[in-house]
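To keep things clear, I will list the structure first and then write my remarks on it.
The values are calculated or read from the model by the stated rules, or taken from the named source; none is laboratory data. Because the structure is a prediction, the values reported are computed rather than measured. When we count neighbours, we look across all protein chains shown, and the Cβ atoms used for this are built from the backbone with ideal geometry, even at glycine.
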Amino acid sequence: MWNKDIEAIDRKDLEALQLKRLKRALELASGTSFYGKVFRDNKVDVSKITTLEHLKDLPFTVKNDLRLSYPDGMMAVPKSEVVRMHASSGTTGKSTVIFYSQKDISEWADLVARSMVATGTSKNDIFQNMMGYGLFTGGLGLHYGAERLGCMVIPSSTGNTLRQIQLMEDFFTTVIHITPSYALHLAEEIHKQGIDPRDLPVKKAYLGAEPYSEATRDKIEEQWGIDAYNSYGMSEMNGPGVAFECTEKAGMHLWEDFYIIEVINPETQEVLPDGEAGELVLTHINREAMPIFRYRTRDLTRIIPEPCACGRIHKRIERIKGRTDDMFIIGGVNVFPSQIESVLMKVPEVGNNYQIVLDREENLDKIIIKVELYSKMFQGDLKELEKLRKKIVEELRALIVVNPRIELHEPGSLPASLGKAVRVIDNRKL
Ligand code: ADP
Ligand code: ZN
């Protein structure tokens with residue numbers, strides 16, 4: 001372990017630490033224009049928050065609150081103490097901005113180093129970081145953590161596929177950080193160069209930044225001949241390093257000395273007991289430049305109540321099933337893209353990319369699923385393809401009531417993703 005005192009701490013001691021940090025975070029936040037007003041409006045007296053249970057007295061914070069407080073309504077230290085900002089992609093409106101002090105940056109690096117050690121990575125590893133550098137947290141977040149651990153870091157960022165391959169070969173990259181959709185795309189590009197990804201020195205990948213299924217993890221592990229670990233985070237909670245799988249690969253440890261976890265029913269907002277599935281709500285209790293309380297992540301998961309065999313006591317969350325805002329309703333049935341992905345990726349003939357298009361025709365919902373196949377499938381006869389198409393429709397029937405239209409495409413013909421993949425195109429909203 002990177003820090004056994006904290007990772008294997010007694011729960012009682014952990015809770016005492018959480019309470020101490022929560023109180024300090026509340027004090028800091030009271031001085032901000034945003035939380036100052038929230039606490040006044042909701043008659044929250046922070047001096048009365050004396051147990052962790054009292055957290056429930058605070059209102060939730062949602063994405064829109066961060067927009068309302070733009071640019072610095074949540075900044076809790078003097079501007080001169082802030083050393084960095086990041087921002088989320090801003091695909092759904094004005095971007096949201098996060099601030100960090102020197103201490104925050106340093107402790108974040110520590111969390112990431114801790115996460116990497118949990119997967120067996122050490123200073124002897126060569127770490128190629130294929131996530132975007134810049135305002136997005138994926139690049140710099142892992143970068144500083146890997147340096148803290150002592151790895152040699154190759155900050156290759158996204159794209160420039162040929163150079164990625166060359167760097168992996170020439171510098172003997174052992175660990176990569178990459179989105180699952182780009183990992184699949186890159187594997188294809190590597191094959192095009194006449195190289196089998198399995199022959200590269202890479203042994204391990206950190207996959208995150210977007211929801212993906214267990215079937216996709218299996219596929220990436222198989223194509224690359226590596227171990228792939230699930231990595232979870234979001235800019236509101238720093239970025240990557242919020243929760244990470246250990247070598248048990250059975251759920252992600254969410255680092256509770258930094259975050260208080262709640263899972264709620266997204267409709268009623270009621271807090272659910274450990275083990276029940278719902279929306280993850282996180283409180284950042286250890287970031288002085290910008291505390292955030294009860295942030296509704298919109299990510300759906302559940303806490304795994306059983307202790308982990310690795311000895312770390314921090315609670316694990318299950319693979320994210322999807323985001324509340326990713327879910328679409330087709331023919332009256334709620335569907336997450338990851339459910340469709342899970343079915344597709346288990347079909348051996350299906351290649352590395354797919355896209356879901358929703359449409360409406362004569363007031364009826366229509367779903368078109370475009371699927372890339374491996375090229376060898378297009379060398380056989382058409383009857384085989386038709387058989388496969390029918391098979392995929394059959395497999396999906398259990399999930400979607402509306403008859404899906406399946407389109408089979410050659411590899412590389414659907415838009416490739418370098419960062420977060422766009423899986424669903426909903427033309428019904430237009
Ligand atoms: P946004 O996408 O809102 O601009 P971020 O770039 O911070 O903000 O992305 C955070 C989101 O990415 C998470 O809330 C979650 O939905 C998704 N995400 C990150 N890591 C994972 C993961 N390992 N599995 C599933 N979803 C993930
Ligand atoms: Zn573990």
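Some notes on this structure:
- Pairs where the first residue, in the range 295-318, is on the phi > 0 side of the Ramachandran plot and at pLDDT 95 or above and the second is away from ligand 2 (no atom under 14 Å from the Cβ) and of a type in the set (Val, Ile, Thr), C-beta under 6 Å, 6+ apart: ARG298/THR324
- VAL281 farther than 22 Å from GLU214 by Cα and within 16 Å of ligand 1 (Cβ to nearest atom): yes
- Pairs with Cβ under 6 Å, 6+ apart, first in the range 47-73 and part of a helix (DSSP H, G or I), second aliphatic (A, V, I, L, M): LEU52/LEU19
- Which numbered condition GLU386 misses (of (1) within 16 Å of ligand 1 (Cβ to nearest atom); (2) more than 28 Å from the chain's Cα centre (by Cα); (3) of a type in the set (D, E, K, R)): (1)
- There is at least one residue in the range 226-233 that is touching a strand residue (DSSP E or B) at 6+ places or on another chain (Cβ under 8 Å), surrounded by 24 or more Cβ atoms within 10 Å (Cβ to Cβ), over 30 Å from PHE293 (Cα atoms) and among the hydrophobic types (A, V, I, L, M, F, W, C).
- When the range 148-163 is filtered for residues that are assigned to a helix (DSSP H, G or I) and either among the small types (Gly, Ala, Ser) or surrounded by fewer than 16 Cβ atoms within 10 Å (Cβ to Cβ) (or both), the ones remaining, listed by number, are LEU162, ARG163.
- Condition met for GLN102 (away from ligand 1 (no atom under 16 Å from the Cβ), closer than 24 Å to GLU256 by Cα and touching a residue at least 60 places away in the same chain (Cβ under 8 Å)): no
- Selection over the range 109-167 of residues that are within 16 Å of ligand 1 (Cβ to nearest atom) and in contact with a Gly (Cβ under 7 Å, 6 or more places away or on another chain) gives a count of 15.
- Flag if LEU280 is buried (at least 23 other Cβ atoms within 10 Å of the Cβ) and under 19 Å from LEU58 (Cα atoms): yes
- Verdict on SER417 being in contact with a His (Cβ under 7 Å, 6 or more places away or on another chain), among the hydroxyl-bearing types (Ser, Thr, Tyr), assigned to a loop (DSSP other than H, G, I, E, B) and not assigned by TED's automatic domain parsing to the domain that holds TYR182: yes
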